[in-house]
1. Taking only region A:384-414 into account, find how many residues are away from chain B (no Cβ under 14 Å) and buried (at least 21 other Cβ atoms within 10 Å of the Cβ).
2. Of the residues in region B:1-17, how many are at pLDDT 80 or above and touching a helix residue (DSSP H, G or I) at 6+ places or on another chain (Cβ under 8 Å)?
3. Quick check, is A:Glu336 charged (D, E, K, R), surrounded by 23 or more Cβ atoms within 10 Å (Cβ to Cβ), touching a residue at least 12 places away in the same chain (Cβ under 8 Å) and not assigned by TED's automatic domain parsing to the domain that holds A:Ser148?
4. Based on what the data block shows, is A:Leu24 part of a helix (DSSP H, G or I), open to solvent by 20 Å² or more (accessible area, probe 1.4 Å) and more than 14 Å from every other protein chain (Cβ to nearest Cβ)?
5. Checking the structure you have, find out if any residue of region B:116-137 is in contact (Cβ under 8 Å) with a residue 24 or more places away in the chain and on the phi > 0 side of the Ramachandran plot.
6. Could you list all residues from region A:100-119 that are open to solvent by 10 Å² or more (accessible area, probe 1.4 Å), in contact (Cβ under 8 Å) with a residue 60 or more places away in the chain and over 17 Å from A:Thr78 (Cα atoms)?
7. Here is a check on your reading of the model: is A:Ile340 in contact with a His (Cβ under 9 Å, 6 or more places away or on another chain) and away from chain B (no Cβ under 14 Å)?
8. For region A:352-366, give me the residue count where each residue is in contact (Cβ under 8 Å) with a residue 40 or more places away in the chain and surrounded by fewer than 18 Cβ atoms within 10 Å (Cβ to Cβ).
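The values are calculated or read from the model by the stated rules, or taken from the named source; none is laboratory data. Source: prediction; values computed, not measured. Every residue, glycine among them, receives a Cβ derived from its backbone with ideal geometry; neighbour counts consider all protein chains shown. Please note that ligands, DNA and RNA were not included when accessible areas were found on the heavy atoms of the full protein model with its side chains. Shrake-Rupley method; radii C 1.70, N 1.55, O 1.52, S 1.80 Å.
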Amino acid sequence: MNLLLLSWNYIKSKPLNTLLNVLLMSLGIAIIIVLLLFSTQLDNKLSQNQRGIDLVVGAKGSPLQLILANVFHIDFPTGNVKLDEAKRLTRNRLIKTAIPLALGDNYRGYRIVGTNHDYFNLYNGEMEEGELWRYNLETIIGSKVAESLDLKIGDTFFGAHGISVEGMDHEEATYEVVGIMKQMNNVLDNLILTNIESVWMAHEHEEEHEEGEHAEEKQLGSAYETGLPDGDEDDEITSMLIQYRSPLGAVQMPRIVNSSTNMQAASPAFETARLFSLLGIGVNMIRSFAYIIIIVSGLSIFISLYNALKDRKYDLAIMRSLGASRGKLFVHVIFEGVIITVIGGLIGLVLGHGLMEVLASYYEKSEEVGITGYIFVNQEVWILLISVGVGVLASILPAFNAYRTDISGVLAQQ
Amino acid sequence: MIRIENLDFGYSDQKILNIPELEVGESQHLMILGKSGSGKTTLLHIIGGLLNPRSGKVVFGDLDLYGLNANKLDRFRGQNIGLIFQKSHLISALTVEGNLSLTQYLSGIPKDRARIKEVLSDLGLAEKLNSKVRRLSQGEQQRVTIARALLNRPKVILADEPTASLDDDNASKVIKLLKNQANKYNATLVIATHDQRVKDEFDVQLDLNQL
């Protein structure tokens, strides 16, 4: 027998009360865990995907939409910009690199991105098999694309117009898979990469059907490694991902783009911070709710301990008469509160991870973003400390009463 | 064994009793007689180290009980004084064994399961080892409290009205049991009672009504 076991026996002797308190505690903790896992992972994924991109330049519209479409590939593009205008901008000395993107097509829901090898390197891409594309209409595909569509090297497919599944097929331009990327846990996993000209070709076919000059033989991309492709004055791209040469860029570049060109510039860091501050209102409300539940659970533990100790004053006096010091009784009661909240906290931890996983598998998008319940964050240690803290707080007053037990007075009242 | 020197006690300001001197020798037994409200329980608690007297000394052998600091007094009480109350007051969240092993733990004596079994079989409770306290009859519960009081082989056994709620038969059984056990452990037995049935059993008597 020891104090922990003694407290545990008292807890066991009131199963319903204990169940209620543990349930409340675990519910509060579970909600906090879900929020913690969600926001931590989202934050990680977003910063992973925007790393190395200082500015996105594209068609005018919502800056947030520009970022969501071109960096995270989860929204529709704002439109296109003229290739010539984009090229003029890249000559600015503040720009170190500019990676062009041409969006607008998909294959069964996976976006076809016309770009160059710089884009692949920006995310430290690695090949699982095959090699990088060079010729027009050659593609490399992300690991999730390969897995879910069961595509292999040498397979061919038609792109569809639009970026959602329902688009019309461009049956004339046949893409070929020449490489499959390793799983990178970033946007690359869900993308199909090719030359910008490939995307143009898929579209030109509709308009210049009769020309027939794009014959059987393959054409090498004009800028498959780096830079912007050759093209005539009608050609367009969707956006450019820009890296500054110096911090001065951050000051001047957005203003130059927004005032002197027909394009708009948006900073991924700024826009995601804005997004988070919008999301934050909701997250904060849910979090406050969770803390209220935890406070209620602490209160409920306090009330049950307080009431129980009224019935147990004889037990406490007897324990004192058997040789227990005041301190031991104090610790005994504190243990009782802490055991309940720690059990509640641990159950909440498991529940939170389970709930996150269930939610993640329920919403398709979360898989794309890469959110899962099977991950541990450092802050979870704090959650356990909170549990212990709530236990101590809830039991400190009852424990103090136990500490002050008047042995003789209680025992004389028989 | 127990010496009381010039003890003033009382539970209200109007009624303060004084015992100038009283000595109970080793393996002698003392009966404190008195009507209810006469201060028996208070005196017993003072002797048991549960309540500070207004003034005076309680001495065990050479040891002045109230000269000890609080924690030492708690420990001394746990290891040397066995207390039996009118009601059984067992810890109902625990089994019979749990109650006894808690007693060993709280008094700071190493866990000794053999001793628990020994003392239970002495009192005819051997097969109740794992019973929940609530399942026991009144008589069994009282015997468990006696077992608890005897567990640490105390030098002094204090019993407060142990026979008050018992019929004649059981009252004399309990008194015999207490005296036998006290003799077995060479312990001093102090009983506080208003029960006239048991008064012939004791050599030293203190009648609080006459103070």
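1. Going residue by residue through region A:384-414, those that are away from chain B (no Cβ under 14 Å) are A:384-401.
Those still in the list that are buried (at least 21 other Cβ atoms within 10 Å of the Cβ) too: A:387, A:390-391, A:394-395, A:398-399.
Total satisfying the criteria: 7.
2. Of the residues in region B:1-17, 5 are at pLDDT 80 or above and touching a helix residue (DSSP H, G or I) at 6+ places or on another chain (Cβ under 8 Å).
3. Yes.
4. On the way: part of a helix (DSSP H, G or I): yes; open to solvent by 20 Å² or more (accessible area, probe 1.4 Å): yes; more than 14 Å from every other protein chain (Cβ to nearest Cβ): yes.
When the stated conditions are applied, A:Leu24 passes them.
5. Residues of region B:116-137 that are in contact (Cβ under 8 Å) with a residue 24 or more places away in the chain, as a first pass: B:116, B:119-120, B:122-123, B:125, B:128-134, B:136.
From what's left, on the phi > 0 side of the Ramachandran plot: none.
Looking through region B:116-137, none of the residues is in contact (Cβ under 8 Å) with a residue 24 or more places away in the chain and on the phi > 0 side of the Ramachandran plot.
6. Once the filter is applied, which keeps residues that are open to solvent by 10 Å² or more (accessible area, probe 1.4 Å), in contact (Cβ under 8 Å) with a residue 60 or more places away in the chain and over 17 Å from A:Thr78 (Cα atoms), region A:100-119 yields A:Tyr107, A:Tyr110, A:His117, A:Asp118.
7. On the way: in contact with a His (Cβ under 9 Å, 6 or more places away or on another chain): no; away from chain B (no Cβ under 14 Å): yes.
Taking the combined requirement at face value, the residue does not satisfy it.
8. Step one: filter region A:352-366 for residues in contact (Cβ under 8 Å) with a residue 40 or more places away in the chain, giving A:352-353, A:355-356, A:359, A:365.
Subsequent filtering for residues that are surrounded by fewer than 18 Cβ atoms within 10 Å (Cβ to Cβ) retains A:355, A:359, A:365.
Of the residues in region A:352-366, 3 are in contact (Cβ under 8 Å) with a residue 40 or more places away in the chain and surrounded by fewer than 18 Cβ atoms within 10 Å (Cβ to Cβ).
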